[in-house]
Amino acid sequence: MLVCFLVLACPVRPQPISNSGTAQTGLTPILDYIRSNWDVLTRSMTRCDSVVDPKLPEASLLYLPADFPRPEAVQKLADSCKVRVEALPVVIHHPGQPEVEGMKANGLLYLPNSYVVPGGRFNEMYGWDSYFIILGLIDDQRLDLAKGMVENFFFEIEHYGTVLNANRSYYLTRSQPPFLTSMVLAVYNAEKMEQHADRAWLERAYTLAAQDYQMWVEEPHLAGATGLSRYYDFGSGPAPESLQDEAGLGRKVAGYFLLRPEFARSYIVSDSSESVGAHYSVNLCQASAETATRDCDRAGDVTLSADYYKGDRSLRESGFDVSFRFEPYGAATHHFAPVCLNSLLYKTETDLGQISRELGKEGDSETWKRRAERRKALIDQYLWDEERGLFFDYNFTSGGQSTYEYLTTFYPLWAGLATPAQAGAVVHNLKRFEQPGGLVTSRENTGAQWDYPYGWAPLHLLAVEGLRRYGYASDADRVSLRFLSTVLANYRKEGTIREKYNVVTGSSEANVTAGYKANVVGFGWTNGVFLQLLHQLPTQASQSLAQH
């Protein structure tokens, strides 16, 4: 049947590229594009284009924290750009406060400093995108802008309850993968290299990062009784940012689940009294290979369940929207202890231990060390598959480990929690992900953008740095060159840099059928990762790239 509608703590010091011959000629245009694009992608509370939300057709609205006086710059923005400015209805102490979810008008959330956006439909400062953007800014000697973005995250923790998915009011119910301490150390160590490390700033960063960390290690972000953590959006019902750009996804999901009773029981609702989203009229068709006719049965009006929407929202907190990694369409995201999140929390714990030692807080340092060691033991227990030689997510509801091979298996190497033997096994399986244009995100061709055949800049950087950390430099160089060559070749053809690439064909083609379909140009984290991967290559390798 078918449905008929169907890291490292310290920044890497850039290695200079030769100014002579084809090396400089070959890379100069793309490096100039990246350098100039930081300004194109910069937003602030003094620019009219900052408030516009391409995802929602609504009038411009800017929210200030409820207990925050209106800055002069905001008043000028209101006057010159015809922007409505309002205070949030309550002081925000944590994500998902009931008064916030009930807000009818969506708007931009105020941030004090300039920031770089990814581009296109993403016209705000994002939680995990910003780590890779900040690395690029540091690489391009834009340290003040990078530091200001980290300070914006401090502002979010103080006034919006956590590091947000992004600074829009409809993101007040969720965060994104926790890269904050990695951002803090990247900036602090870059300043340290310039002989003006700011210890008072680091002290503030430590206090706020530890506060933000706490959200991930208490309910409802705990993954059952595992001792690990999960992604969890405090909101309910359809995600507002999906209603325009992802039109048709809900109907597609409903049809998919209706054809699979094992999922329909959890994710399909036919009783309108239980409805939390749109209703869909679905026809299920039986096509015969022997005839040219098709018989269809009307399945009736259905809606997706509250549990599906919780999974979909939580998938958005993970940043991997959309993938089938946490069951089809990510519907069970909140039922998993993920490799990525728990590796990042291990990295956060070790980072906070490092920062506390830097600040002379030896007692704190020992506490963070114990927390990191405990998480490592739990990751070994629940997420490592010795026989297959890969790290897998764990479904704590069903009590079983996933079998979905995913590129996040390299996160434990990047975070430094893998044993040498585990790292060797994962590297042995590198060939399962490697394609002519780089590393494919998964081996499953689901039509979702975070699956086969797509490759993404952030996952390439984490995988490459994980390989380097465990001594697999030649593999790291090869993977870097493949992805860099893909980005460079498509830049030369199109004159732009994209959000993602088809690493099987080496193109920017994106025939996505699950989620938003655009392959956004800009693009913040690809720009930053391009610089990082390029400058981590040996000089000879970077020169060979320029000659392609």
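The values are calculated or read from the model by the stated rules, or taken from the named source; none is laboratory data. Small disclaimer: the values here were computed from a predicted structure and weren't measured. Neighbour counts are summed over all protein chains in view; Cβ atoms, including those assigned to glycine, are modelled from backbone coordinates with ideal geometry.
Would you tally the residues in segment 208-225 being closer than 20 Å to Lys310 by Cα and of a type outside the set (A, V, I, L, M)?
Qualifying residue count, segment 208-225: 6.
Among (1) part of a loop (DSSP other than H, G, I, E, B); (2) of a type outside the set (Ser, Thr, Tyr); (3) crowded, with 23+ Cβ neighbours inside 10 Å, where does Val187 come up short?
So the condition that Val187 fails would be (1).
So how many residues does segment 61-82 have that are over 21 Å from Glu99 (Cα atoms) and of a type in the set (Ser, Thr, Tyr)?
1
For segment 501-524, how many residues are outside any loop (DSSP other than H, G, I, E, B) and surrounded by fewer than 20 Cβ atoms within 10 Å (Cβ to Cβ)?
2
Can you find a residue that is part of a helix (DSSP H, G or I), more than 17 Å from His221 (Cα to Cα) and of a type in the set (S, T, N, Q) anywhere in segment 326-348?
no
Any residue at all in segment 420-435 that is closer than 19 Å to Arg316 by Cα and small (Gly, Ala, Ser)?
no
Suppose we keep only residues that are touching a Pro at 6+ places or on another chain (Cβ under 8 Å) and on the phi < 0 side of the Ramachandran plot within segment 149-161. Which one would you say is surrounded by the most Cβ atoms within 10 Å (Cβ to Cβ)?
Across segment 149-161, the extreme among qualifying residues is Tyr160.
Among the candidates Ala546, Ala541, Ala476, Ala489, single out the residue that is at pLDDT 95 or above and in contact with a helix residue (DSSP H, G or I) (Cβ under 6 Å, 6 or more places away or on another chain).
When all the criteria are applied, what remains is Ala476.
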